[in-house]
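Please treat every number below as a calculation from the coordinates, not as lab data. Keep in mind that this is a model prediction, so the values were computed, not measured. Cβ atoms come from the backbone with ideal geometry, glycine included; neighbour counts cover every protein chain shown.
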Ligand SMILES: [Ca+2]
Ligand SMILES: [Ca+2]
């Protein structure tokens, strides 16, 4: 018994300084000028300290969260919807986005002003999740600037956790959690004219008009891989805000990535005139 107490004290002395105030930070951040917002965590250098997250991410000013992706693979356990069979096998891993109709206190889900996230990890020791990183990305559709607010969802993590929405490995250290909101800036910034990315097939400098040269230039960015063109995510160094003009071949709404759909959309606007594509002058 004395040994157990001694080791607990020694463990506390070694671990506690690493968890000095502020212990854990959860924050959100817009990716450049895009409609992507990353949800980030920092365990202050203690890998694996957070065993599970139960978070609400909400937006205001009429904005909606229309997609979520790029989930941190170390937090792949989705307790709200995982389906485990009688043999203990997993029939369905489920979804990190909680069902808004499941029980009170849950955000409505995608295509609304809020989502509830449930993500847990079973990994320990050297395999523990990194001490900081991106937990997931959400995508926001908003005509106006809006606040993106992360918060703990106490109902998802139970009363044993000292901080609502977070399950700690070393709960007895009572780490503090700080949630930091972010002001999302709506609309394209730094792009005067969607679709105008180049003045010639290889320049990459906008010239105030949309022509076939812009299409050829975007096409050159989408290098073929096995016959399929790649996707340029907003985090990619080749991402060009002005090249993201559409989410589908006919939508005309940017979606935070450049794909062949953007090319098809621009092409559809350049109506053929006597076999030659027209020029669209930027406003
Ligand atoms: Ca151009
Ligand atoms: Ca696009």
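Compute the helix-to-body angle for 212-221: its Cα long axis versus the longest principal axis of the chain, expressed 0 to 90° and rounded to tens.
Orientation of helix 212-221: about 30 degrees from the principal axis.
Testing the spin-label approximation: label points 7 Å from Cα along Cα→Cβ at residue 212 and residue 238. State their distance in nm.
Simple spin-label model gives 2.3 nm for this pair.
Set the Förster distance to 35 Å, then compute FRET efficiency between residue 249 and residue 60 from the Cβ-Cβ distance, nearest 0.05.
0.65
Any chance you could give the angle, 0 to 90 degrees and rounded to 10, that helix 260-269 forms with the longest Cα principal axis of the chain?
Long axis of 260-269 versus the principal axis of the chain: about 30 degrees.
For residue 103 paired with residue 87, estimate the spin-label separation in nm (one decimal), with each label point 7 Å from Cα along the Cα-to-Cβ line.
Result for the modelled spin labels: 3.0 nm.
When a footprinting reagent is the concern and you count Cβ atoms within 10 Å, what order do 116, 279 take, fewest first?
279, 116
Once the Cβ-Cβ distance between residue 267 and residue 69 is put in as r, and R0 is 45 Å, what FRET efficiency do you end up with, to the nearest 0.05?
0.95
To make sure I understand, if each residue's beta carbon is the centre and we count other beta carbons within 10 Å, what order do 199, 112 fall in, fewest to most?
Lowest to highest Cβ neighbour count: 112, 199.
Determine the shape class of the chain: with a ≥ b ≥ c the square roots of the Cα gyration tensor eigenvalues, call it rounded for a/c under 1.5, and otherwise prolate if a/b is greater than b/c, oblate otherwise.
prolate
To make sure I understand, if each residue's beta carbon is the centre and we count other beta carbons within 10 Å, what order do 172, 76 fall in, fewest to most?
The most exposed by this proxy come first: 172, 76.
Springs between alpha-carbon pairs under 10 angstrom, Gaussian network model over the chain: which of 231, 259, 106 fluctuates most?
Between 231, 259, 106, it is 231 that shows the largest mean-square fluctuation.
According to a simple spin-label model (label point 7 Å from Cα along Cα-to-Cβ), what is the distance in nm between residue 27 and residue 76?
My value for the distance between the label points is 3.0 nm.
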